[in-house]
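Everything on this sheet refers to the single structure shown next.
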Amino acid sequence: MPLFFPQEGASDVRRRYKPDVIKGDMDSIRREVLEFYASLGTEIVDKSHDQDTTDLHKCVTYIRDSASGLDKSNLCILVVGALGGRFDHEMGNLNVICRFSYMRIVLLSNDSLIHLLPRTYCHEIHIQTSVEGPHCGLIPIGTPSKSSTTTGLQWDLNNTAMEFGGLVSTSNIVKEEKVTVQSDCDLLWTISIKKL
Amino acid sequence: MDLMHHSSTFLLPTIPLHHRPSLTYALVVLNQTLPRFAPLLWKHAQLRLCADGGANRVFDEMPLLFPEEDASDVRLRYKPDVINGDMDSIRKEVLDFYRSLGTKIIDKSHDQDTTDLHKCITYIWDFAPDANKSSLCILVAGALGGRYDHEMGNLNVLYCFSSLRIVLLSDDSLIYLLPRTHHHEIHIQTSVEGPHCGLIPIGAPSRSSTTTGLRWNLSKYMSTLL
């Protein structure tokens, strides 16, 4: 965080950007970092005994079940650093959003954002053209789709089948400010983030 | 069911002489930061292709991997055999440079239905004699990370060409398909890879997968991405 504010004192920035919770199996966090935030009052939730779920999974269940003082009726979880790096980590993160498909979870990297479009809904995606696009895609990540339909894309789908090994909608372009998607299976929506 | 052997010998400084399977490597460079072991992949490959802007990467970044050498010497040494793609990313001076060195330029700008990687794989598929296809292994540098739809498009190429050995590589990981039509033996090159690994049922759920040799082996478990 201090690197984003080079004109300010690093310790001032660190105090301003104090996490509410640090959660996980604690095998990566440096000792001095843990102590620094603990001393500022950050809640430390040590789940090192739990090797069955990823750190992201632990955080999502914490937010869903435990976080007090949070209005959960319209919750959206933004996940930074979810993509790139080790591929098995990235896939594990992807699996978290598939498992928690009833929650709004957005995975973010410098280049892209992704979130799930559950099959149980018709979807309207309002494109924020100042910050995202035009490159986008729809990915049948877990199962083949027999029929998907879209509007608002350069290459719209029209009851089109999609599956790995066949058609997967990538390098598509957003054409309108509203994109609609309807499918018989959960699709992953991805859109590029503009270099701001 | 036949057995298929896998081994990341392309990450070793030299490939052992009597190593099985004996493979011929082709390298495709995509438009992402070159992995730090790109020169090693280049050395093992008998055919080197750049997919469109991948040529920019070779031009700009190979010299950075040899900071003690003169940039132009490095560029002459790391000359791709082919540049293939829709040519909307490669810089003009890079294209001219490699063309003047004799690199074959295949302009597929009319083809907007397939990704640049897909075009390169098709080229290699058409180029390789049928007899050699089973011993061919295509290494793809810069396949992961970056724009997520590109990454998924690259992943899909593995499935579209499931009869070809294709390895997607980044600085952190490598991935390849284990087709369901075979049993698989993966010989781990512990000096260069691991220990972190995974098996991912992308595209369709798996009702039954079985493994040995892992910390958490699968045994008739249902493995699904929901």
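Hey, if you put +1 on the Cβ of every Lys and Arg and -1 on every Asp and Glu Cβ in segment A:54-110, which of A:109, A:82, A:94 ends up farthest toward the positive end of that dipole? Towards the positive end, the residue furthest out is A:94. Cβ crowding within 10 Å, taken as a proxy for footprinting-reagent exposure, orders A:76, A:136, B:137 from fewest neighbours to most as A:76, B:137, A:136. Fewest-first ordering of B:152, A:1, B:1, A:103 by other beta carbons within 10 Å of each residue's beta carbon gives B:1, A:1, A:103, B:152. Taken about its Cα centre, chain A carries a charge dipole of about 260 debye when Lys and Arg each add +1 at the Cβ and Asp and Glu each add -1 at the Cβ. Once the other residues with Cβ under 13 Å from the Cβ of residue B:100 are scored (Lys, Arg +1; Asp, Glu -1), what is the net sum? So the surrounding residues net to +3. Using the rule -39500 (n - 2.57) for each DSSP H run of four or more residues, divided by the residues of chain A, the 222 nm mean residue ellipticity is -6000 deg cm²/dmol.
For segment A:1-30, the residues whose amide N sits under 18 Å from a probe point set 7 Å from the Cα of residue B:33 along the beta carbon direction are A:1, A:3-4.
Using C-alpha pairs under 8 Å with a sequence gap of at least 6, the mean separation divided by the residue count of chain B gives a relative contact order of 22 percent. Remark: segment A:78-84, residue by residue, has Karplus-estimated 3J(HN,Hα) of 9, 10, 9, x, 8, 10, x Hz, where x stands for each Gly or Pro and the curve is 6.51 cos²θ - 1.76 cosθ + 1.60 at θ = phi - 60°.
For the protein assembly as shown, the square roots of the Cα gyration tensor eigenvalues, ordered a ≥ b ≥ c, give a/c below 1.5, which places it in the rounded category. Inter-label distance, residue B:185 to residue A:129: 5.9 nm, where each label sits 7 Å from its Cα along the C-beta direction.
Where in segment B:27-101 are there trypsin sites (Lys or Arg not before Pro) that are in a DSSP coil and have at most 11 other Cβ atoms within 10 angstrom of their Cβ? Answer by residue number: B:36.
Got a sec? Which residues in segment A:9-29 would a label at residue A:48 touch, if it sits 7 Å along Cα→Cβ and we count backbone N under 11 Å? Flagged as within label range: A:25-29.
Lysine pair count for chain A with Cα-Cα distance under 16 Å and sequence separation of 8 or more or different chains is 4. Just how large is the dipole of chain B about the Cα centre, in debye to the nearest 20, putting +1 at every Lys and Arg Cβ and -1 at every Asp and Glu Cβ? Around 700 debye, computed over chain B. Counting only lysines at least 8 places from residue B:92 when in the same chain, those with an alpha carbon closer than 21 Å to its own are B:79, B:104, B:108, B:119. Cβ-to-Cβ counts within 10 Å put A:17, B:78, B:148 in ascending order as A:17, B:78, B:148, the fewest first.
Dividing the helix sum by the residues of chain B, where each DSSP H run of 4 or more adds -39500 (n - 2.57), gives a mean residue ellipticity at 222 nm of -8000 deg cm²/dmol.
On the principal axes of its alpha-carbon atoms, segment A:111-195 has extents of 34, 22, 20 Å, going from largest to smallest.
None of the figures in this text is laboratory data; all of them are computed from the coordinates on show. Predicted, not measured: the structure shown is a model, and the values here were computed from it. Positions of Cβ are generated from backbone atoms using ideal geometry, with glycine treated the same way; all protein chains shown enter the neighbour counts.
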